[in-house]
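First the structure, in the form of C-alpha coordinates, and then the observations on it.
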There are 2 protein chains.
Amino acid sequence: MHVLQISAAPSATALTADLAAVAQATLHDHGHQVTTVDLMAIDWNPVVTAADYGLAEFTAPVGTHAADATARDTLSPVVSEHQRLLADADLVVFTFPLWWGGMPAILKGWVDRVFTDGFAYGLRDDSDNPRKFGDGAFSGKRGLIITTAGERSSSFEGRGINGCIDDLLFPVTHGVFWYTGIAPLKSVTLLGIDSPLWKGIDDARSQVRQRLSEIEDASAIPYRRMLEDYDEKRLLRSDIAGGRSDLGVHVRSA
Amino acid sequence: MHVLQISAAPSATALTADLAAVAQATLHDHGHQVTTVDLMAIDWNPVVTAADYGLAEFTAPVGTHAADATARDTLSPVVSEHQRLLADADLVVFTFPLWWGGMPAILKGWVDRVFTDGFAYGLRDDSDNPRKFGDGAFSGKRGLIITTAGERSSSFEGRGINGCIDDLLFPVTHGVFWYTGIAPLKSVTLLGIDSPLWKGIDDARSQVRQRLSEIEDASAIPYRRMLEDYDEKRLLRSDIAGGRSDLGVHVRSA
(Lines give C-alpha, C1' and ligand atoms only; values in the text may rest on other atoms or scores of the structure.)
Protein backbone atom coordinates (compact mmCIF):
# COMPACT_ATOMS: atom_id res chain seq x y z
CA MET A 1 0.00 0.00 0.00
CA HIS A 2 0.88 3.64 -0.38
CA VAL A 3 0.36 5.19 3.04
CA LEU A 4 0.14 8.92 3.76
CA GLN A 5 0.57 9.74 7.44
CA ILE A 6 -0.30 13.30 8.47
CA SER A 7 1.24 13.95 11.86
CA ALA A 8 0.16 16.82 14.11
CA ALA A 9 2.66 16.05 16.82
CA PRO A 10 3.21 19.43 18.53
CA SER A 11 6.95 18.92 18.83
CA ALA A 12 9.68 16.44 17.95
CA THR A 13 9.75 15.29 21.59
CA ALA A 14 5.98 14.73 21.86
CA LEU A 15 4.48 11.29 22.48
CA THR A 16 2.59 11.56 19.19
CA ALA A 17 5.89 12.14 17.35
CA ASP A 18 7.21 8.94 18.90
CA LEU A 19 4.07 7.03 17.91
CA ALA A 20 4.11 8.45 14.38
CA ALA A 21 7.66 7.09 14.04
CA VAL A 22 6.52 3.69 15.34
CA ALA A 23 3.65 3.68 12.85
CA GLN A 24 5.96 4.63 9.99
CA ALA A 25 8.53 1.95 10.89
CA THR A 26 5.88 -0.76 11.34
CA LEU A 27 4.25 0.00 7.99
CA HIS A 28 7.65 0.07 6.30
CA ASP A 29 8.59 -3.27 7.85
CA HIS A 30 5.42 -4.75 6.39
CA GLY A 31 6.37 -3.70 2.88
CA HIS A 32 4.29 -0.55 2.55
CA GLN A 33 5.50 2.72 1.08
CA VAL A 34 4.99 5.42 3.69
CA THR A 35 5.12 9.19 3.42
CA THR A 36 4.86 11.00 6.74
CA VAL A 37 4.06 14.71 6.64
CA ASP A 38 5.11 16.34 9.91
CA LEU A 39 2.92 19.45 9.87
CA MET A 40 4.94 21.31 12.51
CA ALA A 41 8.23 20.53 10.76
CA ILE A 42 6.99 21.91 7.44
CA ASP A 43 5.47 24.93 9.20
CA TRP A 44 2.02 24.17 7.75
CA ASN A 45 -0.28 27.18 7.67
CA PRO A 46 -3.73 25.97 8.76
CA VAL A 47 -5.65 29.05 7.61
CA VAL A 48 -7.63 29.12 4.36
CA THR A 49 -6.73 32.29 2.48
CA ALA A 50 -7.60 33.76 -0.91
CA ALA A 51 -4.07 32.89 -2.06
CA ASP A 52 -5.02 29.19 -1.84
CA TYR A 53 -7.29 29.83 -4.80
CA GLY A 54 -4.93 32.11 -6.70
CA LEU A 55 -6.79 35.22 -5.58
CA ALA A 56 -5.83 38.49 -3.93
CA GLU A 57 -9.05 38.59 -1.91
CA PHE A 58 -12.39 36.84 -1.48
CA THR A 59 -15.34 38.41 -3.28
CA ALA A 60 -17.76 35.46 -3.05
CA PRO A 61 -18.36 32.63 -0.56
CA VAL A 62 -15.12 30.73 0.13
CA GLY A 63 -16.64 27.46 -1.12
CA THR A 64 -17.42 29.05 -4.50
CA HIS A 65 -13.83 30.22 -4.92
CA ALA A 66 -12.51 26.82 -3.83
CA ALA A 67 -14.67 24.94 -6.32
CA ASP A 68 -13.77 27.37 -9.07
CA ALA A 69 -10.02 27.17 -8.41
CA THR A 70 -10.19 23.36 -8.24
CA ALA A 71 -12.05 23.19 -11.56
CA ARG A 72 -9.71 25.69 -13.28
CA ASP A 73 -6.60 24.19 -11.72
CA THR A 74 -5.57 27.49 -10.17
CA LEU A 75 -5.08 26.18 -6.64
CA SER A 76 -1.88 27.31 -4.95
CA PRO A 77 1.13 25.00 -5.42
CA VAL A 78 1.14 23.91 -1.76
CA VAL A 79 -2.54 22.91 -1.78
CA SER A 80 -2.06 21.07 -5.09
CA GLU A 81 1.00 19.28 -3.73
CA HIS A 82 -0.90 17.96 -0.70
CA GLN A 83 -3.86 16.97 -2.88
CA ARG A 84 -1.47 14.87 -4.97
CA LEU A 85 -0.12 13.19 -1.84
CA LEU A 86 -3.67 12.37 -0.80
CA ALA A 87 -4.68 11.18 -4.27
CA ASP A 88 -1.72 8.76 -4.33
CA ALA A 89 -2.53 7.17 -0.95
CA ASP A 90 -4.34 3.88 -0.36
CA LEU A 91 -4.37 4.52 3.39
CA VAL A 92 -4.48 7.92 5.10
CA VAL A 93 -3.37 8.07 8.75
CA PHE A 94 -4.04 11.08 10.98
CA THR A 95 -1.78 11.01 14.05
CA PHE A 96 -2.53 13.68 16.66
CA PRO A 97 -3.02 14.45 20.33
CA LEU A 98 -6.73 15.01 21.11
CA TRP A 99 -6.95 18.70 22.06
CA TRP A 100 -10.30 20.02 23.25
CA GLY A 101 -12.07 16.95 21.92
CA GLY A 102 -10.67 17.15 18.42
CA MET A 103 -7.76 17.69 16.07
CA PRO A 104 -5.19 20.38 16.87
CA ALA A 105 -5.71 23.43 14.65
CA ILE A 106 -2.74 22.58 12.44
CA LEU A 107 -4.39 19.31 11.36
CA LYS A 108 -7.92 20.72 11.15
CA GLY A 109 -6.46 23.31 8.81
CA TRP A 110 -4.85 20.63 6.67
CA VAL A 111 -8.35 19.27 6.05
CA ASP A 112 -9.87 22.75 5.66
CA ARG A 113 -7.33 23.66 2.96
CA VAL A 114 -6.66 20.39 1.12
CA PHE A 115 -10.19 18.89 0.94
CA THR A 116 -11.56 21.37 -1.61
CA ASP A 117 -14.94 21.25 -3.32
CA GLY A 118 -14.54 19.46 -6.64
CA PHE A 119 -11.54 17.51 -5.36
CA ALA A 120 -12.72 15.86 -2.15
CA TYR A 121 -16.48 16.24 -2.55
CA GLY A 122 -19.13 17.91 -4.68
CA LEU A 123 -19.07 15.10 -7.27
CA ARG A 124 -22.18 13.46 -8.76
CA ASP A 125 -22.87 10.02 -10.19
CA ASP A 126 -24.48 9.19 -13.53
CA SER A 127 -27.95 9.54 -12.01
CA ASP A 128 -27.01 13.00 -10.67
CA ASN A 129 -26.93 11.79 -7.07
CA PRO A 130 -24.30 13.42 -4.86
CA ARG A 131 -21.36 11.08 -4.31
CA LYS A 132 -20.85 11.30 -0.56
CA PHE A 133 -21.13 9.23 2.62
CA GLY A 134 -19.81 5.93 1.35
CA ASP A 135 -19.07 7.03 -2.17
CA GLY A 136 -17.02 9.90 -3.52
CA ALA A 137 -13.72 11.07 -4.83
CA PHE A 138 -11.77 8.88 -2.42
CA SER A 139 -13.68 5.60 -2.74
CA GLY A 140 -11.29 2.70 -2.33
CA LYS A 141 -9.06 4.52 0.13
CA ARG A 142 -9.05 3.75 3.84
CA GLY A 143 -8.50 6.09 6.77
CA LEU A 144 -7.10 5.66 10.28
CA ILE A 145 -6.85 7.88 13.33
CA ILE A 146 -4.07 7.39 15.89
CA THR A 147 -4.75 9.67 18.83
CA THR A 148 -3.77 10.23 22.45
CA ALA A 149 -5.70 11.89 25.27
CA GLY A 150 -4.70 12.84 28.77
CA GLU A 151 -7.69 12.05 30.97
CA ARG A 152 -8.39 8.54 32.27
CA SER A 153 -9.70 6.15 29.67
CA SER A 154 -12.99 5.41 31.47
CA SER A 155 -13.97 9.08 31.03
CA PHE A 156 -14.09 8.41 27.26
CA GLU A 157 -16.38 5.35 27.53
CA GLY A 158 -20.08 5.39 26.71
CA ARG A 159 -21.16 7.10 29.93
CA GLY A 160 -17.81 8.85 30.38
CA ILE A 161 -17.88 12.55 31.17
CA ASN A 162 -15.70 13.52 28.22
CA GLY A 163 -18.14 11.87 25.82
CA CYS A 164 -17.55 8.55 24.14
CA ILE A 165 -14.30 8.69 22.14
CA ASP A 166 -16.04 7.28 19.04
CA ASP A 167 -18.56 10.13 19.21
CA LEU A 168 -15.83 12.74 19.64
CA LEU A 169 -14.02 11.35 16.60
CA PHE A 170 -17.24 11.07 14.52
CA PRO A 171 -16.63 14.42 12.75
CA VAL A 172 -13.39 12.93 11.39
CA THR A 173 -14.26 9.26 10.86
CA HIS A 174 -17.73 9.97 9.44
CA GLY A 175 -17.64 13.68 8.53
CA VAL A 176 -14.24 13.79 6.81
CA PHE A 177 -13.37 10.18 5.88
CA TRP A 178 -16.73 8.55 5.14
CA TYR A 179 -18.16 11.75 3.63
CA THR A 180 -15.48 11.66 0.94
CA GLY A 181 -15.62 7.91 0.39
CA ILE A 182 -12.67 6.95 2.62
CA ALA A 183 -13.48 3.78 4.60
CA PRO A 184 -12.57 4.56 8.23
CA LEU A 185 -10.82 1.86 10.23
CA LYS A 186 -11.36 1.50 13.97
CA SER A 187 -9.33 4.29 15.58
CA VAL A 188 -6.22 3.64 17.66
CA THR A 189 -7.01 5.56 20.86
CA LEU A 190 -4.39 5.79 23.57
CA LEU A 191 -6.23 7.34 26.49
CA GLY A 192 -5.29 8.36 30.00
CA ILE A 193 -1.70 9.31 29.23
CA ASP A 194 -1.73 11.96 31.99
CA SER A 195 -3.44 9.66 34.48
CA PRO A 196 -1.75 7.47 37.09
CA LEU A 197 -3.43 4.49 35.39
CA TRP A 198 -1.43 4.92 32.18
CA LYS A 199 0.64 1.87 31.33
CA GLY A 200 3.45 3.90 29.80
CA ILE A 201 5.07 4.52 26.47
CA ASP A 202 6.15 0.95 25.77
CA ASP A 203 2.56 -0.21 25.99
CA ALA A 204 1.43 2.62 23.71
CA ARG A 205 4.13 1.81 21.16
CA SER A 206 3.17 -1.83 21.29
CA GLN A 207 -0.52 -1.05 20.65
CA VAL A 208 0.40 1.07 17.62
CA ARG A 209 2.80 -1.58 16.36
CA GLN A 210 0.22 -4.33 16.66
CA ARG A 211 -2.60 -2.41 14.98
CA LEU A 212 -0.40 -1.17 12.13
CA SER A 213 1.11 -4.59 11.50
CA GLU A 214 -2.39 -5.96 10.81
CA ILE A 215 -3.74 -2.90 9.05
CA GLU A 216 -3.99 -4.40 5.59
CA ASP A 217 -6.58 -6.89 6.82
CA ALA A 218 -8.43 -4.54 9.19
CA SER A 219 -12.13 -4.10 8.53
CA ALA A 220 -13.74 -0.69 8.32
CA ILE A 221 -16.34 0.85 10.64
CA PRO A 222 -19.56 -0.19 8.84
CA TYR A 223 -21.10 3.26 8.44
CA ARG A 224 -24.29 3.31 6.42
CA ARG A 225 -24.36 4.42 2.76
CA MET A 226 -26.39 7.50 1.94
CA LEU A 227 -28.06 6.11 -1.15
CA GLU A 228 -29.10 2.90 0.60
CA ASP A 229 -30.31 3.78 4.07
CA TYR A 230 -31.35 7.46 4.09
CA ASP A 231 -34.43 9.16 2.70
CA GLU A 232 -34.57 12.23 0.47
CA LYS A 233 -34.36 14.51 3.51
CA ARG A 234 -31.05 12.76 4.36
CA LEU A 235 -32.61 11.21 7.45
CA LEU A 236 -31.88 7.60 8.35
CA ARG A 237 -35.05 5.70 7.43
CA SER A 238 -37.14 5.37 10.57
CA ASP A 239 -37.71 1.63 10.04
CA ILE A 240 -33.92 1.20 10.29
CA ALA A 241 -33.36 3.66 13.13
CA GLY A 242 -35.78 1.86 15.45
CA GLY A 243 -36.44 4.94 17.56
CA ARG A 244 -32.77 5.80 18.08
CA SER A 245 -31.19 9.11 17.12
CA ASP A 246 -27.70 8.95 18.61
CA LEU A 247 -24.54 9.04 16.48
CA GLY A 248 -24.16 5.26 16.77
CA VAL A 249 -27.25 4.81 14.63
CA HIS A 250 -25.16 5.60 11.54
CA VAL A 251 -23.23 2.36 12.06
CA ARG A 252 -24.77 -0.78 10.53
CA SER A 253 -25.71 -3.35 13.13
CA ALA A 254 -23.87 -6.65 13.12
CA MET B 1 -22.74 42.45 30.24
CA HIS B 2 -19.25 42.41 28.84
CA VAL B 3 -19.40 40.30 25.71
CA LEU B 4 -16.41 38.87 23.86
CA GLN B 5 -17.25 37.69 20.35
CA ILE B 6 -14.60 35.62 18.60
CA SER B 7 -15.37 35.59 14.90
CA ALA B 8 -13.89 33.06 12.50
CA ALA B 9 -15.56 34.52 9.43
CA PRO B 10 -13.24 33.51 6.58
CA SER B 11 -13.50 36.90 4.87
CA ALA B 12 -15.11 40.29 5.28
CA THR B 13 -17.73 39.33 2.69
CA ALA B 14 -18.67 36.01 4.32
CA LEU B 15 -22.14 35.34 5.71
CA THR B 16 -20.63 34.78 9.15
CA ALA B 17 -19.01 38.24 9.00
CA ASP B 18 -22.44 39.70 8.32
CA LEU B 19 -23.98 37.75 11.19
CA ALA B 20 -21.14 38.70 13.56
CA ALA B 21 -21.91 42.34 12.78
CA VAL B 22 -25.63 41.75 13.43
CA ALA B 23 -24.79 40.08 16.74
CA GLN B 24 -22.48 42.92 17.74
CA ALA B 25 -25.05 45.60 16.84
CA THR B 26 -27.90 43.78 18.61
CA LEU B 27 -25.89 43.34 21.80
CA HIS B 28 -24.80 46.97 21.68
CA ASP B 29 -28.39 48.13 21.20
CA HIS B 30 -29.33 46.23 24.33
CA GLY B 31 -26.78 48.07 26.42
CA HIS B 32 -24.00 45.50 26.46
CA GLN B 33 -20.33 46.25 25.97
CA VAL B 34 -19.10 44.15 23.06
CA THR B 35 -15.60 43.37 21.85
CA THR B 36 -15.46 41.45 18.58
CA VAL B 37 -12.17 39.80 17.68
CA ASP B 38 -12.06 39.14 13.93
CA LEU B 39 -9.44 36.38 13.81
CA MET B 40 -8.76 36.74 10.07
CA ALA B 41 -8.42 40.52 10.36
CA ILE B 42 -5.84 40.25 13.14
CA ASP B 43 -4.03 37.46 11.27
CA TRP B 44 -4.37 35.10 14.23
CA ASN B 45 -1.84 32.28 14.21
CA PRO B 46 -3.69 29.11 15.29
CA VAL B 47 -0.60 27.01 15.96
CA VAL B 48 0.72 26.41 19.48
CA THR B 49 4.48 27.06 19.47
CA ALA B 50 7.20 27.12 22.11
CA ALA B 51 7.23 30.93 21.81
CA ASP B 52 3.73 30.96 23.40
CA TYR B 53 5.42 29.84 26.59
CA GLY B 54 8.50 32.05 26.30
CA LEU B 55 10.63 29.15 25.06
CA ALA B 56 12.91 28.54 22.11
CA GLU B 57 11.84 24.90 21.83
CA PHE B 58 9.80 22.22 23.57
CA THR B 59 11.75 19.84 25.77
CA ALA B 60 8.79 18.35 27.71
CA PRO B 61 5.12 17.66 26.95
CA VAL B 62 3.40 20.80 25.66
CA GLY B 63 0.90 20.77 28.54
CA THR B 64 3.72 20.87 31.07
CA HIS B 65 5.27 23.92 29.43
CA ALA B 66 1.87 25.61 29.17
CA ALA B 67 1.09 25.06 32.85
CA ASP B 68 4.55 26.23 33.84
CA ALA B 69 4.39 29.40 31.73
CA THR B 70 0.90 30.18 33.03
CA ALA B 71 2.05 29.78 36.64
CA ARG B 72 5.23 31.83 36.12
CA ASP B 73 3.47 34.45 34.03
CA THR B 74 5.82 33.93 31.10
CA LEU B 75 3.13 33.43 28.47
CA SER B 76 3.68 35.39 25.27
CA PRO B 77 2.07 38.86 25.16
CA VAL B 78 -0.49 37.83 22.54
CA VAL B 79 -1.70 34.80 24.54
CA SER B 80 -1.86 36.91 27.71
CA GLU B 81 -3.80 39.63 25.91
CA HIS B 82 -6.45 37.19 24.72
CA GLN B 83 -6.63 35.59 28.16
CA ARG B 84 -7.39 39.04 29.58
CA LEU B 85 -10.15 39.55 27.01
CA LEU B 86 -11.65 36.21 28.03
CA ALA B 87 -11.26 36.88 31.74
CA ASP B 88 -13.16 40.18 31.37
CA ALA B 89 -16.12 38.64 29.54
CA ASP B 90 -19.48 37.67 31.03
CA LEU B 91 -20.56 36.11 27.74
CA VAL B 92 -18.28 34.51 25.14
CA VAL B 93 -19.65 34.15 21.61
CA PHE B 94 -18.00 31.94 18.98
CA THR B 95 -19.22 32.88 15.49
CA PHE B 96 -18.06 30.56 12.72
CA PRO B 97 -19.01 28.58 9.63
CA LEU B 98 -19.16 24.85 10.41
CA TRP B 99 -16.31 23.34 8.40
CA TRP B 100 -15.92 19.56 8.42
CA GLY B 101 -18.24 19.27 11.38
CA GLY B 102 -16.41 21.73 13.59
CA MET B 103 -14.65 25.04 14.04
CA PRO B 104 -12.37 26.33 11.27
CA ALA B 105 -8.72 25.89 12.23
CA ILE B 106 -8.25 29.56 13.04
CA LEU B 107 -10.84 29.34 15.84
CA LYS B 108 -9.78 25.89 17.05
CA GLY B 109 -6.32 27.36 17.41
CA TRP B 110 -7.63 30.28 19.43
CA VAL B 111 -8.88 27.73 21.95
CA ASP B 112 -5.72 25.60 21.69
CA ARG B 113 -3.49 28.61 22.47
CA VAL B 114 -5.56 30.74 24.88
CA PHE B 115 -7.13 28.04 27.11
CA THR B 116 -3.91 27.09 28.91
CA ASP B 117 -3.56 24.71 31.84
CA GLY B 118 -3.67 26.76 35.04
CA PHE B 119 -5.71 29.49 33.38
CA ALA B 120 -8.71 27.70 31.86
CA TYR B 121 -8.49 24.38 33.70
CA GLY B 122 -6.30 22.35 36.01
CA LEU B 123 -7.66 24.08 39.14
CA ARG B 124 -8.72 22.27 42.32
CA ASP B 125 -11.25 23.06 45.04
CA ASP B 126 -10.65 23.08 48.81
CA SER B 127 -11.29 19.33 48.97
CA ASP B 128 -8.73 18.76 46.19
CA ASN B 129 -11.39 17.85 43.63
CA PRO B 130 -10.68 18.97 40.07
CA ARG B 131 -12.76 22.01 39.16
CA LYS B 132 -14.16 21.04 35.79
CA PHE B 133 -17.43 20.18 34.03
CA GLY B 134 -19.72 22.69 35.67
CA ASP B 135 -17.13 24.35 37.86
CA GLY B 136 -13.80 25.91 37.03
CA ALA B 137 -11.89 29.03 36.23
CA PHE B 138 -14.75 30.47 34.20
CA SER B 139 -17.69 29.74 36.48
CA GLY B 140 -20.27 32.49 36.14
CA LYS B 141 -19.53 33.11 32.47
CA ARG B 142 -21.85 31.98 29.72
CA GLY B 143 -20.99 30.79 26.20
CA LEU B 144 -22.80 30.90 22.87
CA ILE B 145 -22.13 29.42 19.44
CA ILE B 146 -23.45 31.09 16.29
CA THR B 147 -22.77 28.83 13.34
CA THR B 148 -23.78 28.26 9.74
CA ALA B 149 -23.71 25.08 7.67
CA GLY B 150 -24.32 24.44 4.00
CA GLU B 151 -26.24 21.19 3.81
CA ARG B 152 -29.99 21.01 4.30
CA SER B 153 -31.11 21.41 7.90
CA SER B 154 -32.84 18.01 8.12
CA SER B 155 -29.44 16.34 7.60
CA PHE B 156 -28.41 17.76 10.99
CA GLU B 157 -31.44 16.43 12.88
CA GLY B 158 -31.37 13.40 15.17
CA ARG B 159 -31.34 10.83 12.37
CA GLY B 160 -29.69 13.20 9.90
CA ILE B 161 -26.74 11.87 7.95
CA ASN B 162 -24.38 14.64 9.05
CA GLY B 163 -25.01 13.76 12.70
CA CYS B 164 -27.20 15.77 15.03
CA ILE B 165 -25.91 19.35 15.18
CA ASP B 166 -25.96 19.30 19.00
CA ASP B 167 -23.69 16.23 18.94
CA LEU B 168 -21.31 17.83 16.44
CA LEU B 169 -21.08 20.92 18.66
CA PHE B 170 -20.68 18.86 21.88
CA PRO B 171 -16.86 19.17 21.86
CA VAL B 172 -17.33 22.95 22.09
CA THR B 173 -20.45 23.33 24.23
CA HIS B 174 -19.47 20.56 26.66
CA GLY B 175 -15.76 20.00 26.03
CA VAL B 176 -14.62 23.63 25.91
CA PHE B 177 -17.35 25.69 27.60
CA TRP B 178 -18.78 23.39 30.27
CA TYR B 179 -15.37 21.81 30.98
CA THR B 180 -14.03 25.21 32.04
CA GLY B 181 -17.17 26.28 33.92
CA ILE B 182 -18.76 28.35 31.13
CA ALA B 183 -22.52 27.73 31.01
CA PRO B 184 -23.34 27.02 27.34
CA LEU B 185 -26.51 28.57 25.92
CA LYS B 186 -28.50 26.83 23.21
CA SER B 187 -26.54 27.32 19.99
CA VAL B 188 -27.77 29.53 17.15
CA THR B 189 -27.54 27.15 14.17
CA LEU B 190 -28.30 28.46 10.70
CA LEU B 191 -28.35 25.35 8.56
CA GLY B 192 -28.90 24.63 4.88
CA ILE B 193 -27.42 27.89 3.60
CA ASP B 194 -26.27 26.17 0.38
CA SER B 195 -29.56 24.33 -0.07
CA PRO B 196 -32.53 25.49 -2.16
CA LEU B 197 -34.57 25.36 1.04
CA TRP B 198 -32.62 28.21 2.64
CA LYS B 199 -34.80 31.17 3.55
CA GLY B 200 -32.06 33.69 2.84
CA ILE B 201 -29.90 36.19 4.63
CA ASP B 202 -32.70 38.36 6.01
CA ASP B 203 -34.14 35.38 7.84
CA ALA B 204 -30.68 34.44 9.17
CA ARG B 205 -30.07 37.99 10.39
CA SER B 206 -33.46 38.05 12.02
CA GLN B 207 -32.79 34.78 13.88
CA VAL B 208 -29.49 36.14 15.19
CA ARG B 209 -31.11 39.44 16.14
CA GLN B 210 -33.91 37.75 18.02
CA ARG B 211 -31.69 35.32 19.95
CA LEU B 212 -29.14 38.00 20.87
CA SER B 213 -31.80 40.48 21.97
CA GLU B 214 -33.03 37.96 24.56
CA ILE B 215 -29.63 36.58 25.49
CA GLU B 216 -29.48 38.02 28.99
CA ASP B 217 -32.46 35.89 30.03
CA ALA B 218 -31.55 32.77 28.05
CA SER B 219 -31.17 29.59 30.05
CA ALA B 220 -28.17 27.31 29.69
CA ILE B 221 -28.04 23.76 28.37
CA PRO B 222 -28.46 21.80 31.63
CA TYR B 223 -25.32 19.67 31.39
CA ARG B 224 -24.66 17.53 34.44
CA ARG B 225 -22.09 18.52 37.07
CA MET B 226 -19.14 16.18 37.54
CA LEU B 227 -19.16 16.17 41.31
CA GLU B 228 -22.89 15.45 41.48
CA ASP B 229 -23.74 12.88 38.84
CA TYR B 230 -20.53 10.97 37.94
CA ASP B 231 -18.65 8.29 39.83
CA GLU B 232 -14.94 8.16 40.62
CA LYS B 233 -14.21 6.65 37.19
CA ARG B 234 -15.87 9.76 35.67
CA LEU B 235 -18.75 7.65 34.39
CA LEU B 236 -22.31 8.92 34.65
CA ARG B 237 -23.88 6.92 37.46
CA SER B 238 -25.73 4.00 35.93
CA ASP B 239 -28.89 4.67 37.98
CA ILE B 240 -29.07 8.07 36.25
CA ALA B 241 -28.05 6.89 32.78
CA GLY B 242 -30.89 4.37 32.59
CA GLY B 243 -29.12 2.20 30.04
CA ARG B 244 -28.27 5.08 27.68
CA SER B 245 -24.76 5.96 26.58
CA ASP B 246 -25.26 8.60 23.87
CA LEU B 247 -23.97 12.16 24.22
CA GLY B 248 -27.45 13.40 25.18
CA VAL B 249 -27.19 11.52 28.45
CA HIS B 250 -24.95 14.30 29.79
CA VAL B 251 -27.90 16.69 29.68
CA ARG B 252 -30.17 16.69 32.75
CA SER B 253 -33.71 15.57 31.96
CA ALA B 254 -36.50 18.11 32.37
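Brief remarks on what is shown
- Distance between the C-alpha centres of the range A:7-80 and the range B:65-123: 24 Å, rounded to the whole angstrom.
- Trypsin sites (Lys or Arg not before Pro), loop per DSSP, at most 16 other Cβ atoms within 10 Å - longest free stretch of chain B: B:1-185
- Beta bridges per DSSP, both residues in chain A: antiparallel share near 15 percent.
- Carbon and sulfur %, accessible surface of the protein assembly as shown computed with the full protein complex present, 1.4 Å: 47 percent
- Mean Cα-pair separation over length for the range A:1-132, i.e. relative contact order, pairs under 8 Å, 6 or more apart, %: 34 percent
- The dipole here belongs to the range B:1-159: it is taken about the Cα centre, uses +1 on the Cβ of Lys and Arg and -1 on the Cβ of Asp and Glu, and is about 320 debye.
- Nearest-10 value in Å² for the accessible area of A:Asp88, using the 1.4 Å probe: 100 Å²
- Computed from phi, the 3J(HN,Hα) profile of the range A:68-81 under the Karplus parametrisation 6.51, -1.76, 1.60 (θ = phi - 60°) reads 5, 5, 5, 5, 8, 6, 10, 5, 5, x, 5, 5, 4, 4 Hz, with x in place of Gly and Pro.
- Under 5 Å between amide hydrogens, built in the peptide plane, is the criterion, and for A:Arg234 it picks out nothing among residues at least 5 positions away or on other chains.
- The residues of chain B expose, per residue, 42 Å² of accessible area to a 1.4 Å probe.
- Equivalent-ellipsoid semi-axes for the range B:157-207 (Cα gyration tensor, √(5λ), whole Å, largest first): 25, 15, 7.
- Cα shape, the protein assembly as shown, gyration tensor, a/c 1.5 rule: rounded
- A DSSP coil position with no more than 13 other Cβ atoms inside 10 Å describes the following GluC sites (Glu not before Pro) in the range A:155-254: A:Glu214, A:Glu232.
- Centre separation in Å (Cα based) which lies between the range A:220-254 and the range A:184-206: 30 Å
- Cross-link reach is defined here as a Cα-Cα straight distance under 14 Å, omitting same-chain residues fewer than 8 places apart; for B:Lys141 the aspartates and glutamates meeting it are B:Asp88, B:Asp90, B:Glu216, B:Asp217.
- Summing charges over neighbours of B:Tyr121, with a neighbour being any other residue whose Cβ is under 9 Å away from its Cβ, gives +1 when K and R count +1 and D and E count -1.
- Over 27 Å between alpha carbons, listed pairs A:Lys132/B:Lys186; A:Lys186/B:Lys108; A:Lys186/B:Lys233; B:Lys108/B:Lys186; A:Lys108/A:Lys186: A:Lys132/B:Lys186
- Computed on chain B, with alpha-carbon pairs under 8 angstrom and 6+ residues apart, the relative contact order is 19 percent.
The values are calculated or read from the model by the stated rules, or taken from the named source; none is laboratory data. These figures come from a predicted structure and were not determined experimentally. Cβ: placed from backbone, ideal geometry, glycine included. Neighbour counts: every protein chain shown. All accessible areas refer to the heavy atoms of the entire protein, side chains included, with ligands and DNA or RNA removed. Shrake-Rupley method; radii C 1.70, N 1.55, O 1.52, S 1.80 Å.
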